[in-house]
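Undergrad: This structure is in structure tokens; I'll ask about it shortly.
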Amino acid sequence: MGQRYELVEQLGRGGMGTVYRAVDRRLRRTVAVKTLSAELALQPEFLSRFQREAHAAAALNHPGVATVHDVGEDAGGGSAEPFLVMEYVEGRTLSQVLNEGRLPVAQALDIAGQVLEALEHSHRHAIVHRDIKPANVMLTGTGKIKVVDFGIAKALSEMATRLTGTGVAVGTPAYLAPEQIKGGETDHRTDLYAVGCLLYELLTGRPPYTGDSPFSVMHQHLAAEPVPPSQLRPELPPAVDAVIVRALRKDRQDRFAEASVMKAALDGASRVAPAAPVRTPTTLDPMAGSPARATADSPVPAGSGPARQRARRKPARVVFRPTAEGAVALLGCFLSLVISRTGMIEVGQFSRVALLAAVAGAVLLLWSARLACAVAWGPVAESVAVFSELARGYIGWDTPYVIVALVLGIVAALCLAAGYKDRRTGGFALVAFWFTALASVWFFLDDLQKIGVFYVLLLGVTLAVGAQELKARSLSSRAGA
């Protein structure tokens, strides 16, 4: 291909062309090559427009945009075959992901947010995609997205207009904005309409409009209002409904003004959206008293409003979900219990405090593994620090040791901040906090002060993490109400 690119395997085929995995012989790297259909190759005007738009797209430099490396024509078969060379992305298209069913709410909102960030970048460079759809969004193994095919849709639409004298809809009917269907002027808000359609499908498993034919779907884009996604997925809060409904307004003036504005609204909605299952050994079931759901994302039978509200008022039951973080918390409870029985530190009430921490950690483990780690590992780290030789009484104020103790204090502060913010795996950071913080404390403070500071830290960290966990769960409960 173009005496430079060796086609290795076909990755996919669509209405506009075929995508291959290829090798760039000159730079010795793997790339994706998209060859356009033979019908398009017969239109000289399209070739010039296609190259112009591809060169413009090549100027985009954003983590969420698949980089355009090259554009050209291959005349090996006797006629010019236009092709586009892009960054090769390891992953799957959202179309392939959706074949397995709708996505968890948190993941769907995150993906839509990443797409909006990529579009905000392209819109700042005056480039409108015009064909946002699941097939044009790649999802990598790390959860990051790449938007592909910038520029191609515009070249096609301009060519169609020149040939017919009127606007012709270019794109996939399920994601076409009304102005595209009517052949009117398009701008960046056209992309935001498509993002609304995309998010709708990620959350519900189907586009906002469906029909027996493309014409039926396009007519609904022009005249019908979509079914609110919460009717298809009752656990969705009104804030998510509001973002999607605004993005799908028929009139561009009624949609979000910019991708960044829609992203901000989506972030606000995600803060009150039901959280994805927290990776702790337990979680609260806000629907206790109603039929248990098989998974967090399985459909909930629609019942009457009052009946569902009465179900939410019942006490939450505990659901066990073993995790690595929970196992670490359980280990901390066991070690604190052992320390309380062996009398390793015979100062004041330390043995009783260690016993209380072990019992409290085991109880709190039923609610939050992160909070259990915060409570149970404190006495363990204190016992290790007692027998450490990193103490001013042993080594004095030598500069290297002071620097080590200061670094440990800084690391402890960072671990505490990480453990406080991360509800999913923050317990690991809190364990690291205890060992680094108490090692630093044992170097700088006098013996009479050390145990008192430990008690203050244990109480303060427990209350802070507990209050943050309670607040987060309360927000999630109100969002599901």
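Undergrad: Take the alpha carbon gyration tensor of region 324-477, find the square roots of its eigenvalues, order them as a ≥ b ≥ c, and report rounded if a/c is under 1.5; if not, report prolate when a/b exceeds b/c, else oblate. Please list the in-between numbers first.
TA: Working: a/c = 2.26, a/b = 1.44, b/c = 1.57.
In terms of gyration-tensor shape, oblate.
Undergrad: Now for a different question. Going by average Cβ density within 10 Å per residue, which order do the peptides 207-214, 177-184 take, highest to lowest?
TA: 177-184, 207-214
Undergrad: Let me ask something else about it. If R₀ is 60 angstrom, what is the calculated FRET efficiency for the pair Leu463 and Leu11, using the beta carbon separation as r and rounding to 0.05? Don't jump to the answer; show the numbers that get you there.
TA: On the way: r = 54 Å, r/R0 = 0.90.
So, using R0 = 60 Å, E works out to roughly 0.65.
Undergrad: Within the set Lys146/Lys471; Lys34/Lys133; Lys421/Lys471; Lys146/Lys182; Lys146/Lys263; Lys144/Lys250, which residue pairs have Cα atoms separated by over 23 Å? Spell out each step's value before the answer.
TA: Working: Lys146/Lys471 34 Å; Lys34/Lys133 17 Å; Lys421/Lys471 12 Å; Lys146/Lys182 29 Å; Lys146/Lys263 17 Å; Lys144/Lys250 30 Å.
Pairs exceeding 23 Å: Lys146/Lys471; Lys146/Lys182; Lys144/Lys250.
Computed from the coordinates by the stated procedures, all read-outs in this text should not be read as laboratory data. This is a predicted model, so every value here is computed, not measured. All Cβ positions, glycine included, derive from the backbone under ideal geometry; neighbour counts span all protein chains shown.
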